[in-house]
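Below is one structure, written out as structure tokens; comments come after it.
The values are calculated or read from the model by the stated rules, or taken from the named source; none is laboratory data. All of these numbers come straight from a predicted model, not from anything done at the bench. Cβ placement follows ideal geometry from the backbone for every residue including glycine, while neighbour counts extend to all protein chains displayed. Surface areas here come from the heavy atoms of the whole protein model, side chains and all, with no ligands, DNA or RNA. Shrake-Rupley method; radii C 1.70, N 1.55, O 1.52, S 1.80 Å.
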Amino acid sequence: MSEFFVHSVPGSPYGRSVFVLLAEKGARYRLVPVAPQTRKSEPHISRHPFGRVPVLEHDGFVLYETQAILRYLDRVLPAPPFTPAEPRAAARMDQLMNICDWYLFNGVNNVIAFQRIIRPRLLGEPTDEAAIAAAMPQAHAVFNELSRLLGGSAYLAGDNVSLADFIVGPQLDFLAATPEWQPLVATAPNLVSWLARMNARDSFRSTTAERIAELAKAA
Ligand SMILES: N[C@@H](CCC(=O)N[C@@H](CS)C(=O)NCC(=O)O)C(=O)O
């Protein structure tokens, strides 16, 4: 199997989902670092017309959208599989991946983590507290729903780890670094133990922001 190239901004939670899956599969991959300020110019804009990350490149095949990348990798690297065979578990996985994109990233992480982490630390701009306050009702709704769907299971789609855990995990781990995390998990303790379980996996330990920054320096 030829090598996988992942174009990403080090620290991106969506990029991390791809690294996590490649690590779970034991696949060789290379990070191609994308500087945030060059996302919307060549050559990146030709790979991703919306100027976002990650982008996967495999033997001349270029693919963006994290869900599509994860599903592609799970098909071309079939062992071990991370898509449940049982229809309801597979449907639950699909549902959680879409909750991640539509409600957790859009309106929660791209506001709270952006305002708390990216604006002050990377852009040198002040945090907009009003934007965070406005995002909190949706954030509570998302956390309550993730907690309800996880219930007493070990993983989001049931007894076995799946692509849903690999897309939601990096998003929640990013949010866990903000002061909003504690109030959000106050009513969702099962999410805290689930995230601890995910963070203990080798794939998560080898793809922290610090580890990916080291890869970026070596690239
Ligand atoms: N739907 C896209 C979302 C990707 C995305 O928004 N990535 C973030 C980084 S985690 C990004 O590129 N943000 C830059 C921007 O918002 O312009 C996917 O699933 O890949």
(message) Is it the case, given these coordinates, that Pro87 is open to solvent by 60 Å² or more (accessible area, probe 1.4 Å), in contact with a strand residue (DSSP E or B) (Cβ under 9 Å, 6 or more places away or on another chain) and either away from the ligand (no atom under 11 Å from the Cβ) or among the hydroxyl-bearing types (Ser, Thr, Tyr) (or both)?
(response) no
(request) Please find, within the range 18-76, the residue that is nearest to the ligand (Cβ to nearest atom) out of those that are on the phi > 0 side of the Ramachandran plot and charged (D, E, K, R). (result) Glu65
(message) Just the residues that are more than 14 Å from Leu156 (Cα to Cα) and open to solvent by less than 40 Å² (accessible area, probe 1.4 Å), please, taken from the range 188-205.
(response) Ser203, Phe204
(message) Can you confirm whether Ala79 is closer than 20 Å to Glu3 by Cα, more than 14 Å from the ligand (Cβ to nearest atom) and surrounded by fewer than 14 Cβ atoms within 10 Å (Cβ to Cβ)?
(response) yes
(request) Would you please list the contacts, defined by Cβ atoms under 9 Å and residues six or more apart or on different chains, that run from a residue in the range 57-69 that is closer than 14 Å to Tyr29 by Cα and open to solvent by less than 70 Å² (accessible area, probe 1.4 Å) to a residue that is away from the ligand (no atom under 14 Å from the Cβ) and not hydrophobic (A, V, I, L, M, F, W, C)? (result) His58/Ser2; His58/Glu3
(request) Take the range 119-140 and flag every residue that is open to solvent by 50 Å² or more (accessible area, probe 1.4 Å) and among the aliphatic types (A, V, I, L, M). (result) Leu122, Leu123, Ala130, Ala133, Ala134
